[in-house]
């Protein structure tokens, strides 16, 4: 931290790092905890990235494994399974973003408009709950609900005379895609709305009062005050989500997998597990992971630059 | 006293193995002899498994009498299968009465600290890969499949050991390897890597059986279980008529070994086809046998005999179906403690079960090409290698553990447990396991602790097949299956001796193509086999050809080519 000589109206606005440390040492001590975690679990693993450039045999260690340069990457990029996994990951993550990203915002706006506090709190709790369910449980529930012949939803629809044959929610790839995306939205939207609700509470209440005096209705207040008030939060989260476009969630994909939907279900997480970690091919798993991270970083940087050009604060 | 006599018998049977007597034993001896001869001949052909030099160089030592406790505590880790829902017995395989018993009776005596490492039975390779990545491999790596050991050796998981040292430290175990002929399979690329447990009656699969609802069969007007697929389909039609919906049940594939095609091949087998596509580690899509197998699955699915949601159902649901009287058959390992059968009789007290018995006479269905053959094994039971991270002391302690476990009294106690608690003696003086051990502090692990003593012998034996079958016959049930299990064993032996069942080909080195494409092919197979099962009947043939080509292109052709090359180079066993 640089010592600044800048003074405004004769008041010293900055302080030396020594004074800051002396004054707020408890806070810096607290900061150490996440910093150590980040260094140990994120940066601490970086030396392991060299596996991507080796024919790494865990039992032989780094010293006993051969360097292969970009050989592993070349092999992966020629692998038809990788291409299929990459295509599916990109398509489904973008779809997830399109369907899933607006939902927490909409939900936060709706929750913010609820005036009956008890109902609001109960609703929020119910909406947060799916976030705490493991994907294994969600997968089991989904099977019970959506099996083509014996699923509760299909039985109910058939008994009600709405359909003649069960809807293949889980066993036809296009239906599966919709089910997969909507279950993801259901699982994440409640939890995702917390940040937006927190941001909404930071909006100056006087703005709403002034708008009401000027005759703005609820919809107009939402559109002209609430949404602009949380815009920077939206942009920040959008940038972070863009960084995950190359990622995929193995638990979610495994919980909802079956052989009928492999065409869509086979994504990078599945590829890394099945062909990398599961068979001891750690170099391949690391190479794909590194590839994902680099693309993710690139997307974050690009979107951050675009956000800044559009006048937003950005993330970095 | 009885225990001592039995222990001696157990010892004799384990060490002598194939040298038994009596009429049934004659069959065993013959087939055992055949297998041994076969393996020895093979070993001569396979230059990398330079056979019997070990016998000449290694001399059995004093064994336990010469052991001293280690000056400083030596810690060893021993793998044990964790079978989850599919197992029976105590649930914590790493810490239970019997793991503590080993520590107290072996570990404490020799200053060895033994811990057990649970290995997921259905995902062995992943578990070992993870342990290797964490530099935390158990002191010994064990598996029943030769391919897996070859892969581990190739990946550097294992280190060679001195067979001479092993013979000195573990003479009982060593002698068993010599007597069974397994001594010929210790080497990879010229060095001794493996110690090999024994598999009594290895050329049969009598410990695995398929139970069916005899009462349903009789209700359908059948007097015996169908001998051909054509008859089986007629039976299923009757069962459906009688109100049993989807009697064939069905679950999703949960491993490459599920769709075995041994009962769909033509016999005598063609050696090249047998060598290149005849195992079950990589499903043999593109072969005629696999086509027949899948065509039958297609028929069962399209005719409504198979559960239409089978691909979404796991093994536990198949068990539930059988237990709840919703499916006709259930297959599993036979043991004195069979929870599934106990639960069925609890739910359906009037149920009457039968066990499918191999007739011993080769029959091939004209329409389906199916037959009553099976997959015989060999004398080799568990294959054990020493982890590359094991120190000299740890290797020695692991060898001592194997030798200690081989001792008749220890093997007997691990197998049968405590008299009056885990087993009782019958009138003939043979131990009979207590069927339901749940709730006991001394409850044994799956199948009478098999996953602990499997390091020595793959099945428990009392010296004769009759006694051994009586020992594993399910207890505590209203029906007795002992005679059927024995008849099935004799049927398999007859078929094997007539040349209608052949052990899988073994290769003297790890196959690169298998390592490279194994997982890809399994993933593809799981996808394709369900497409083939569920496609309309008239589209099956064309779809099979199309998917077979894709499968070959995805790596199966490379596997076939490499296996053929090894066969040509004399690095593979021959069809006997």
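Below is a table of values for the structure above.
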item: Angle between chain B longest axis and helix B:482-497 axis [Cα atoms, degrees, rounded to 10]; result: 90
item: Spin-label pair residue A:37/residue B:552, simplified geometry with 7 Å Cα→Cβ offset, distance in nm; result: 5.5
item: Distance between the range A:64-88 and the range B:127-171 - C-alpha centres, whole angstrom; result: 29
item: Test item: B:339-345 mean partner chain Cβ contacts at 10 Å; result: 0
item: Percent RCO, i.e. relative contact order, over chain B, from Cα pairs under 8 Å lying at least 6 residues apart; result: 25
item: Relative contact order (%) - criterion: Cα under 8 Å, at least six apart; region: the range B:324-474; result: 32
item: Efficiency of FRET from Cβ geometry, residue A:113 and residue B:421, R₀ 56 Å, rounded to 0.05; result: 0.25
item: Burial order of peptide ranges A:275-284, B:504-513 (average beta-carbon count within 10 Å, highest first); result: A:275-284, B:504-513
item: Other protein chain Cβ atoms within 10 Å, averaged over every residue that makes up A:57-66; result: 5
item: Fully extended contour minus Cα-Cα distance, from residue A:121 to residue A:217, at 0.36 nm per residue; result: 32.1 nm
item: Helix B:540-551 vs. chain B, principal-axis angle (Cα, 0 to 90°, nearest 10); result: 30
item: Folded to 0 to 90 degrees: helix B:512-534 orientation relative to chain B principal axis, Cα; result: 30
item: Neighbouring partner chain Cβ atoms per residue of A:142-151, average, 10 Å criterion; result: 2
item: Ordering of B:413-420, B:250-257, B:180-187 by packing [mean C-beta count within 10 Å, highest first]; result: B:180-187, B:413-420, B:250-257
item: Three-way shape label, the range A:22-133, alpha-carbon gyration tensor, a/c 1.5; result: oblate
item: The range B:211-285 and the range A:225-261: distance between their alpha carbon centers, rounded to Å; result: 46
item: Computed E for residue A:14/residue A:80 - FRET, C-beta separation, R0 56 angstrom, nearest 0.05; result: 0.45
item: Chain A: most fluctuating residue of A:189, A:240, A:145 per GNM, C-alpha cutoff 10 Å; result: A:145
item: Chain A: relative contact order in percent, alpha carbon pairs under 8 Å with at least 6 residues between; result: 24
item: Max mean-square fluctuation residue, GNM over chain A, Cα-Cα springs under 10 Å, options A:108, A:199, A:156; result: A:156
item: Separation between Cα centres of the range A:171-220 and the range B:412-436, rounded to whole Å; result: 66
item: Sequence ranges A:146-152, B:383-389, ranked by mean other-Cβ count within 10 angstrom, highest first; result: B:383-389, A:146-152
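No value in this document is a laboratory result; all are computed from the given coordinates. It should be emphasised that the depicted structure is a prediction, and the values quoted were computed from it without experimental measurement. Using ideal geometry, Cβ is built from the backbone for each residue, glycine included, and neighbour counts are taken over all protein chains shown.
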